[in-house]
Amino acid sequence: GLGAALGLAPLAPTALGAAAPAALASSNKIVGDLVYVTNGNQVHMVKVHANGNTSGDVRIGPVTAATPGHTIQVQQLLGSGDGKWVAWLEASVKHTSAGYIENNSTVVLRNQVSGELTPLAGKATFPLGFAKDTLVAVHEGARNKIERVKLSPQPHYVSMHESESASALTTYKHGVVESNIPHSASTEIREQLRLTNFKGKHRLLHTYVIG
């Protein structure tokens with residue numbers, strides 16, 4: 001079965017009834033890719049045809065090799081809006097009598113055009129989404145750090161913003177959407193919804209009184 005699925009192109013509508021050869025050829029046209037995670041924690045990709053059929057199922061992840069006593073769990077499958085990029089998290093999990101412990105994690109970025117895979121190691125770093133074609137990640141700690149991925153000259157993270165009071169919710173084309181609870185001497189608690197761009201500049205969208 002499928003654990004999670006990510007469609008990277010809309011399916012074209014198809015007509016019902018008898019079809020001429022030209023219509024059959026059109027319905028067999030490849031319109032995009034579908035990337036999904038199996039229940040066995042493998043990342044697969046299929047080609048999607050205009051008639052809704054799929055073909056060419058291939059395994060594209062995980063790329064991390066499991067060490068003895070560990071398993072690799074695939075989490076947080078994401079895709080860019082134009083279908084050119086996908087990313088996911090590969091967590092190395094150690095099983096113990098008390099449960100399991102996540103030791104290391106690797107964010108994997110895949111170029112859907114070239115098929116190139118780029119692993120980015122970083123403990124407590126999780127993919128958040130894409131800002132256009134730029135992957136944005138969150139590094140969780142005492143201060144939540146928002147980072148973006150640059151591929152040249154070598155793939156690496158670039159810090160764009162960090163905060164003790166803000167939590168990133170999702171991405172938009174110039175950065176991230178955040179929920180921020182500013183420090184205040186007032187007994188009234190306010191929460192801000194804001195945009196934060198790659199330069200760390202904020203644009204307040206709305207303020208909510210929550211208590």
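The values are calculated or read from the model by the stated rules, or taken from the named source; none is laboratory data. All values derive from a computational prediction rather than experimental measurement. Note that we place each Cβ from the backbone using ideal geometry, even for glycine, and neighbour counts take in every protein chain shown. Note: areas computed on protein heavy atoms with side chains; ligands, DNA, RNA excluded. Shrake-Rupley method; radii C 1.70, N 1.55, O 1.52, S 1.80 Å.
To keep it simple, each residue is scored yes or no on (1) polar (S, T, N, Q); (2) surrounded by fewer than 19 Cβ atoms within 10 Å (Cβ to Cβ).
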position: ALA50; (1), (2): no, yes
position: SER80; (1), (2): yes, no
position: LYS84; (1), (2): no, yes
position: GLN112; (1), (2): yes, no
position: PRO119; (1), (2): no, yes
position: GLY129; (1), (2): no, no
Can you tell me which residues in the stretch 148-168 are open to solvent by less than 50 Å² (accessible area, probe 1.4 Å) and in contact (Cβ under 8 Å) with a residue 24 or more places away in the chain? VAL149, MET160, HIS161, ALA166, ALA168
Residue list for the stretch 38-79, restricted to those being touching a Phe, Trp or Tyr at 6+ places or on another chain (Cβ under 8 Å), more than 17 Å from ASN111 (Cα to Cα) and hydrophobic (A, V, I, L, M, F, W, C): VAL74
Strands (runs of 3 or more DSSP E) contained entirely in the stretch 37-142, each with at least 2 residues that are under 12 Å from the mean Cα position of the chain (by Cα) and of a type in the set (Phe, Trp, Tyr): 85-96, 125-131
Residue pairs, Cβ under 9 Å, 6 or more apart or interchain, first in the stretch 57-84 and farther than 18 Å from ASP33 by Cβ, second among the basic types (Lys, Arg) and surrounded by fewer than 18 Cβ atoms within 10 Å (Cβ to Cβ). List them. THR67/LYS94; GLY69/LYS94; HIS70/LYS94; THR71/LYS94
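Mind listing just one residue for me: the one in the stretch 154-168 that is part of a strand (DSSP E or B) and either of a type in the set (D, E, K, R) or more than 21 Å from LEU78 (Cβ to Cβ) (or both) and, of those, nearest to the chain's Cα centre (by Cα)?
GLU162
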Residue under question is LEU135, and the condition is that it be aliphatic (A, V, I, L, M), at pLDDT 90 or above and surrounded by fewer than 20 Cβ atoms within 10 Å (Cβ to Cβ); does it hold? no
